[in-house]
1. Would you check if A:Gly166 is open to solvent by less than 20 Å² (accessible area, probe 1.4 Å), within 14 Å of chain B (Cβ to nearest Cβ), of a type outside the set (Lys, Arg) and out of contact with any strand residue (DSSP E or B) (no Cβ under 8 Å at 6 or more places or on another chain)?
2. Considering each residue of the stretch B:340-352, count those that are exposed (fewer than 13 other Cβ atoms within 10 Å of the Cβ) and within 9 Å of the ligand (Cβ to nearest atom), and give that number.
3. Out of everything in the stretch B:488-504 that is within 20 Å of B:Asp362 (Cα to Cα) and either basic (Lys, Arg) or free of Cβ contacts under 8 Å to residues at least 60 places away in the same chain (or both), what residue ends up being most open to solvent (accessible area, probe 1.4 Å)?
4. Only residues that are in a loop (DSSP other than H, G, I, E, B) and of a type in the set (Ser, Thr, Tyr): list them for the stretch B:179-207, please.
5. Quickly run through the stretch B:465-514 and pick out the residues that are part of a loop (DSSP other than H, G, I, E, B) and within 30 Å of B:Thr337 (Cβ to Cβ).
6. Residue check: is B:Glu269 within 19 Å of the chain's Cα centre (by Cα) and assigned by TED's automatic domain parsing to the domain that holds B:Met465?
7. Which residue out of A:Phe174, A:Phe205 is at negative phi, modelled with pLDDT of 90 or more and within 14 Å of chain B (Cβ to nearest Cβ)?
8. What single numbered condition from (1) within 20 Å of A:Gly193 (Cα to Cα); (2) open to solvent by 10 Å² or more (accessible area, probe 1.4 Å); (3) more than 10 Å from every other protein chain (Cβ to nearest Cβ) fails to hold for A:Gly408?
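The values are calculated or read from the model by the stated rules, or taken from the named source; none is laboratory data. For clarity, every value in this text was computed on a predicted model and none was experimentally measured. Every residue, glycine among them, receives a Cβ derived from its backbone with ideal geometry; neighbour counts consider all protein chains shown. Surface areas here come from the heavy atoms of the whole protein model, side chains and all, with no ligands, DNA or RNA. Shrake-Rupley method; radii C 1.70, N 1.55, O 1.52, S 1.80 Å.
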Amino acid sequence: MTDRSLKREARIDWLPVFLYLFIVVFGWFNVFAATRPDTDDFIFSMSTNYGRQAMWIGFSLVAALVIMLFDSKFFPAFAYPIYITGILLLAAVLVVGQEVAGSKSWFVITEAIKFQPSEFAKFATALGLAKYMGEKNFSFLSTSRYNRIETANPKSWVFLPLRLIGITSMEGAFALILFLVPAALILLENDTGSTMAFAALFLVFYREGVTGIILVAGIVMAALFLLNVVVDEIYLIIPVSAIGLLGALYLFFRRNIKPGLIVVILTAITVGFIFMSNYILDNLKPHQKTRVEVLMGVKKDLKGAGYNVNQSKIAIGSGGLAGKGFLNGTQTKYRFVPKQYTDFIFSAVGEEWGFLGAGLLIAAYVLLLCRIILRAEKQRSRFSRIYGYSVASILFAHFALNVGMAIGIMPTIGIPLPMVSYGGSSLFSFTILLFVFIKLDSNRNEILW
Amino acid sequence: MNETGNKKWIFVGVFLFLGTVFLLKLAMLQIFDEDYKKYANMNAIRRVVQFPPRGYILDRNGELMVYNEVSYDLMVIPREAEELDTTEFCMLADMSKEEFVKGMSNIFDQVEKKRLSRSQPTPLIKQMAKENVATLEEKMYKYPGYFLQPRILRKYPKPVGAHILGYIGEADENLINSDSYYKPGDYVGKSGLEKSYEEVLRGVKGVKNLYVDNLNNPKGSYMDGQYDTTAVPGKNITCTIDLNLQEYGEQLMVNKKGGIVAIEPKTGEILAMVSSPTYDPNLLVGRGIRKNYPILLQDKNLPLFNRTNMDGYPPGSTFKLLNGLIGLQLGVITPETKYGCAGGFVAGGLRVGCHAHASPSDLRYSIQTSCNAYYCQVFRAIVQNEKKAEDGFNIWREYMLSFGIGSDFPDSDIPNTKTGLLPTAERYNKIYGKGGWKALTIISLAIGQGEMKVNVLQLANMTAMIANRGYFITPHLLKSIHENDTDRKVQFKKNQTKVDAKHFDPVIEGMECVVTGGTGRVTQIDTIRIGGKTGTAQNPHGKDHSVFIAFAPVNDPKIAIAVFVENSGFGATWAAPIASLMIEKYLRGKISRPDMEKRMFEGNLMNTVKPPVP
Ligand SMILES: [Zn+2]
């Protein structure tokens, strides 16, 4: 076998394919359990939810097959047109989209045929970013004074935050804009779930060289925000100020004046954030505030915001170690969990398949995510690697938020469990998202432009 | 590049960390916390209580006195009640929108104040008649959170016997706390037979464990009904009452205060127990209770009060019979003993008046004329039979107790019977000092006046005892319980008195003379041999109470009766004719003296009365 033939040969990594098939098929059984009519003489029908879902699984498998027949070069070649299409669809949905449950994120053709452009936008943006950031000369750090961000306006303070997160080149800033434009459009749709899933794409920036400070800062701020619900802000401000000022004093004493000043500034920013989060909490819409309070255990609202989650936890908790068995879950069978076949499908898994089944599903997801990351790192082309990280980040966000919500450790945010929740456009999008990576991975030794 | 390449381990680490957190949380929910299984069952399994039909009550001839009618409570489960088309719903439920809004806001008010659980089914409308429910029942599926709960209403074909039958009402908090069988909203016998035979009549509730879905629709039985219990219907009971006689007695007592008790002497079975004024038992059924109970309770004539077994009245002259019997048994007199009477009894500065009659009189004649002097002599002889008055009195008292006087018949099934008042030696010791009293001090007991109260039930029982010549069966209301297709007869105790049978003949002969030629001539019914005795109970609050006791036929007693009419004067005026009509009605089934009957029906003694002191 020569070097050359090795490069050309397509080698499919079958593990993600098997994991995908397992998750999809297992998922369908649970959709079936959650939507099957409770009669003994029911007929399998395509006009039911489980029937439609089966149909979509068929379409998705065909789509996966078609993707595998494509030439890998197609994806980088059409990355920008696809990206621009995604942006246009996002813009269009804001104008002509239908409002569903307060968010304007759906194109509704008929009741059965609905399409959420944000699903497509994730794929499109992943391709766009991979294409742009995968260019040979791309770097977040400026390599010459010509591509430094300050070139645009040397004295502008606007660039300070960019420097802080490690972006000093013009193309780095542009990559951020490629991410922020669709993000802003999705934010305007007023769909928290989609926004958070999309935001996960930022993890790719971290992999490609942006400093982790912004992620750490984000986590710290989220923690402070949530703690603010539980305790009075004074109990946050005093320890934060004390630690900050003691640290600064220590640094000043050691004559590290500059780091000391930075610590003082950071402390001030943090305290400011605590005040701000307090203000935000006070000005949240009542239902949003309740959701946060229920999550933090400050409030029990079993009829309102907490009801769905509580019913989901009851279904899961009653499943026990081995579960009640397929089609034997009383909570699933008798529909006690609202939105069970969409957002709360994990509760059907937990009830009927127990800790073993639910654990297996979690393991399958974690394995799939890890596998994508490890394979992404093996790609010769940066395009494939960046794309792989995008896929993993989006799947991760969905998985973490959905399962976390179903077991009551994340806030109630309507977001589907990839490849499991009922919904054709979601299943179809995730299939394409994943199989494009599997296709790219099968040609991982090729350099793609 | 090497540094960024290592970032993959951060990603992998985060994924594994999150997966581990999820598994730990899942283990907590699914393996270590058992509560969720309980909550899941609370969601999906509904305990549906099956209320058994309450047993019927029949009269001694098998005629229905109480039966059931099914009505429906419209129940709402606050947690599950959804917005609905109120116009249509109210039309179907036959209620006004205002009623609906008021009822619902009341229920949610209770929920808000934590007095009611969100998942507790609560009646929105109680006792809707079956006709009103028919259309609603078909449409119930449209109203999740609402359902119809069948309830049993008691019905009375004839509106009589309210005091005997009693009524049922919702179990109160005390009962619910002390007896786990009863749950809020359950019905329980509150008085009368409904109370005495509650456990027989109520049956046993059953439970069905049903799967239900989120809309509370039943979805089949839980665990194939392993934990279900079937409801056991309440048993029918036959009571001792003769419904026709009871009804007749109530008619006779209209517009009069007092009571009638008729007993079958051989069995102690109560044939009629009339307390007047009474009320229509249909008033205290279902929804009516809330409205009518307070009205009846506040009525100054006390219709809820059973006058036949309360503390009672002074027995008056009817008591003389008992004193005669004790005298005979103790041997202080014989039937031939004669005492003179010159318009009364005079001894030691004490005078008890009497009316004009021939003198001296023997026992029979003393009964016939109701001579006060005679019985003062007898009573004095009884008390003085012992050296100490106290000992003599105690012996007398023992006899009285053996006649059922001063007894509340603890083994009877008539609830809330009072003992009346039979004074004790201690009582007199307290008043007069030990040894400070003698026969003459308490001489009014000889003629049934003074410190003495006997209720109508005791009087009737005493009459039955005389008719039986020396014993009585504890008076009671239950004849048999219908079980397994047969009637199980219920036995009550035979009580032997301390007087031998032979002493009864002269007394009974005297009683016959009362009817044939004495104070109770008015009661005579052609060929029926009746033994009777009039009485007048002095009443410090107004006109005297009239008393009459009788039994018939003398040679084979079928009925013993006591009639007490408040504030009606002499026994012969009202009590005796009523007793006589009752006897004729019972023995003959028809009345031969319509004039007398008419006079009794129409007699109104209500307005001659000062407010009674209960
Ligand atoms: Zn006399």
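1. yes
2. Within the stretch B:340-352, residues that are exposed (fewer than 13 other Cβ atoms within 10 Å of the Cβ) and within 9 Å of the ligand (Cβ to nearest atom) number 2.
3. B:Lys502
4. We begin by selecting, within the stretch B:179-207, every residue in a loop (DSSP other than H, G, I, E, B); these are B:179-186, B:190-191, B:197, B:203, B:205.
If the condition is that a residue be in a loop (DSSP other than H, G, I, E, B) and of a type in the set (Ser, Thr, Tyr), then B:Ser180, B:Tyr181, B:Tyr182, B:Ser191, B:Tyr197 are the ones that fit.
5. Correct list: B:Asn468, B:Arg469, B:Gly470, B:Thr497, B:Lys498, B:Val499, B:Asp500.
6. Taking the combined requirement at face value, the residue satisfies it.
7. A:Phe205
8. Exception for A:Gly408: condition (3).
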